[in-house]
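Shown next, in structure tokens, is the structure this report addresses.
The values are calculated or read from the model by the stated rules, or taken from the named source; none is laboratory data. Quick caveat: nothing in here was measured; it's all calculated off a predicted structure. Heads up, the Cβs are rebuilt from the backbone with ideal geometry, glycines too, and the neighbour counts pull from every protein chain shown. Only protein heavy atoms, including side chains, enter the accessible area calculation; ligands, DNA and RNA are left aside. Shrake-Rupley method; radii C 1.70, N 1.55, O 1.52, S 1.80 Å.
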Amino acid sequence: MSRFGQEIDALALDLAWSLWAELGVDGASRRHDWQAVDLEPLIIFTAHLGGADSRLRASTIDWCITNARFASAFRLRHLAERASADTRAAFGRYSATVRTHAKATWPGEGDPLTLFHPERIGSPDLRRPSLVQLRLRALVGVSARAEVLKLMLADPERPQPASTLAEDAAYGKGSVAQALDMLTMAGIVQVQPHGNRLLYRLARPGELAQTLQWLPSVFPDWWPIFSIVEALTSYARESVPAASRLAALQKLLEHIDHDLHRLGIAEHVPRVVVPASVAEFERWAMDFMAEQAGHVQAAGAAREVSYVIHHLSFGGWLGTVNMAGRQPRPFDSEHGHTEEATGAAELVHFMFKDVVGKRHRRGEPLAPDDALLQVISREFAEELVRPMRAGQEATFTAEFVRRWHENRRRRFGATA
């Protein structure tokens, strides 16, 4: 296998290990504590990884046996039908192993795997922000209601039709329609007509957020992410002659095009039209995999960066960093500061530290005057951020923040 293939494989395993670590499986550091985990896509993705890491497979099967009550057999069946033939076959054996040892009605066909028990697996800590899905299931049951509420919490300001919710929830349209009807009757969801269809949103998102208490910063759409990762690992493992790589890569791009558009990143993926563009795409693939696995961006990688500060409709503030071709991440997450900031001033200070505290050309850290940085960032927050009304958001480019800082430094008489 090529070095590219080895690195892609390693990142795919890192991604799976980190997400399972959120669920309580030992063996890896937690790098996704700010992202909402989606259990059923993760189970199917882990089955696809198969024998690449026998300890991962054994540990996660043990977790599923112990915690089968948290998983939705309906979602597993629905998502497995969307998966590739190879992944369905791998999931069939994975599922059969769980069924052999637990009272679970999981779908799939295949012979059970030989099960090794690496360690005792306990119950997940449902207080973790990343496990909001399981917390909702503990609250309202493993049902379409839980998935609908999760999807609405991810974007509480956006009214959505039942068809979109059914697609994203991986439940049938009938189940989602019944869930929406019950949630509307309970006053948790409100419905509004829009043309010839009905749109749904949370009636009081703040109250639900307060009930759940620990919410993640980001709700990734894991199914298309895992589909792209699977396609990239398959491509990277193939031994393709140099003369055929362009055709193989064009076939890969056609295969993942729908998933790229679903994630909203299709326009940032390099177009492969000449042999020289193969290397450019593979660099993008490495960046994409590293981002999903929670690894720090390689020094010197030039990307357009912007910072979005959200004044949440149910109270509080949230900041995300956006890079071209990548999904948003919360402020300062790469340094381990994943706790939710308490207000606008703290978020702005994080933003200024991220922009000013780095030499972008060399990737070398600076040692800015933190006291002055506090003053400048507080002034920025008072003028541009605090006046925002609940439900609003503002976007600031790194260049804008850098120029603001330079102007204020000169005003205060500080030397560069």
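A cut-off under 12 angstrom between Cβ atoms defines the neighbours of residue 256, and their net charge, with Lys, Arg +1 and Asp, Glu -1, is -2.
Taking the protein heavy atoms of the chain in the context of the full set of protein chains, the accessible area attributed to carbon and sulfur is 50 percent at 1.4 Å.
When 121, 188 are compared by accessible surface with a 1.4 Å probe, the order from highest to lowest is 188, 121. Ordered from largest to smallest accessible area (heavy atoms of protein chains, 1.4 Å probe), the residues 18, 244, 217 come out as 244, 217, 18. For the set 323, 1, solvent exposure ranked by accessible area (probe 1.4 Å, protein chains only) runs largest to smallest as 1, 323. Rolling a 1.4 Å probe over the protein heavy atoms leaves residue 173 with an accessible area of roughly 150 Å². Remark: region 1-138 projects, on average over all directions, an area of 8.4 nm² (convex hull of Cα atoms). Over region 123-198, all Cα pairs binned in 10 Å intervals from 0 give whole-percent P(r) values of 19, 52, 24, 5, 1, listed from short to long. Bridges between two residues of the chain, per DSSP, are antiparallel at a rate of about 95%.
Spin-label model, residue 379/residue 406: points 7 Å from Cα along the beta carbon direction are separated by 1.6 nm. Between the amide H of residue 113 and those of 97, distances stay under 5 Å, these residues lying 5 or more places away or on another chain, with hydrogens modeled in the peptide plane.
Cα convex hull, the chain: 164 Å³ per residue, rounded to a whole number. Excluding ligands, DNA and RNA, the accessible surface per residue across the chain is 48 Å² with a 1.4 Å probe. Which value, in Å² rounded to 10, gives the accessible area of residue 201 with a 1.4 Å probe and all protein chains present? Rounded to the nearest 10, the figure is 50 Å². Other residues within the sphere of radius under 11 Å centred on the Cβ of residue 159, judged by their own Cβ, net out at +1 (K and R +1, D and E -1). Across the chain, the mean sequence separation of Cα contacts (distance under 8 Å, 6 or more residues apart), normalised by length, yields a relative contact order of 14 percent. Rounded to the nearest 10 square angstrom, residue 258 shows an accessible area of 130 square angstrom against a 1.4 Å probe.
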